[in-house]
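In what follows, a single structure is set out as structure tokens and then discussed.
Nothing in this text is a laboratory measurement; each read-out follows from the coordinates by a stated rule. Given the structure is predicted, the values throughout are model-derived calculations rather than measurements. Methodologically, a virtual Cβ is constructed for each residue, glycine included, from the backbone with ideal geometry; neighbour enumeration extends over all protein chains shown.
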Amino acid sequence: MADKKYIPAIGRRKNATAQVRLTPASKMTYIINDKALDEYFTVEELHKVVRSPFGISETKDDFTVSIIVRGGGISAQADAIRHGIARALEKYDPELRGDLKSAGYLKRDPRRKERKKPGLRKARKRPAWSKR
């Protein structure tokens, strides 16, 4: 790939990690784990999440977006892909940083699953109290 220039970036959310590569192309295509976007994410809402950085930044360029995503569930994977695409777009054109940052796409979402505590059934769920 010496003649092709691509922009790499990594996005994360919960346990999902997405390695994103943006390559300038003649039309916009998404390849996620060797599958098309519609084939990988069957929920339409997740398509919007993945495409949102391009809508916010109003980039008129077309890219081939190739993604390797691992871990987490489908929603966390979509958010990790969005984070990776936003980081790659920032590398591509630093002037897009303000728009992407104000939309919150450049910040990694720090929320994680809370750990289970001793004496409880889950992180916060307590056993039912019984008087007798």
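Annotation note: GluC sites (Glu not before Pro) in the stretch 56-103 located in DSSP loop regions with a Cβ neighbour count of at most 16 within 10 Å are GLU58. Rounded to the nearest 20, the size of the Cβ-charge dipole of the stretch 7-103 about its Cα centre is 400 debye, with Lys and Arg at +1 and Asp and Glu at -1. Using R0 = 22 Å, the C-beta based FRET efficiency linking ASN33 and ASP109 works out to 0.55. When every alpha-carbon pair in the stretch 7-103 is counted, what percent end up more than 17 Å apart? For the stretch 7-103, the share of Cα pairs beyond 17 Å comes to 44 percent.
In deg cm²/dmol and to the nearest 500, what is the mean residue ellipticity at 222 nm of the chain if only DSSP H runs of at least 4 residues count, each as -39500 (n - 2.57), divided by the residue total? Show your work: numbers first, answer last.
Values: 4 runs with 44 residues, N = 132.
After summing the helix terms and dividing by the residues of the chain, the value is -10000 deg cm²/dmol.
Quick check: the angle from helix 74-92's long axis to the longest principal axis of the chain, C-alpha only, nearest 10 degrees? Tilt of helix 74-92: around 40 degrees.
Rounded to the nearest whole Hz, the Karplus-based 3J(HN,Hα) values (6.51 cos²θ - 1.76 cosθ + 1.60, θ = phi - 60°) of the stretch 37-54 follow the sequence 4, 5, 7, 7, 9, 8, 8, 5, 4, 6, 4, 5, 4, 5, 7, 4, x, 6, with x at glycine and proline. Annotation: the antiparallel percentage among DSSP beta bridges lying fully within the chain is about 80.
Modelled spin-label separation between TYR6 and HIS47, with each label point placed 7 Å from Cα along the Cα-to-Cβ direction: 2.4 nm. Considering only alpha-carbon pairs that sit under 8 angstrom and 6 or more positions apart, the relative contact order computed for the chain is 31 percent.
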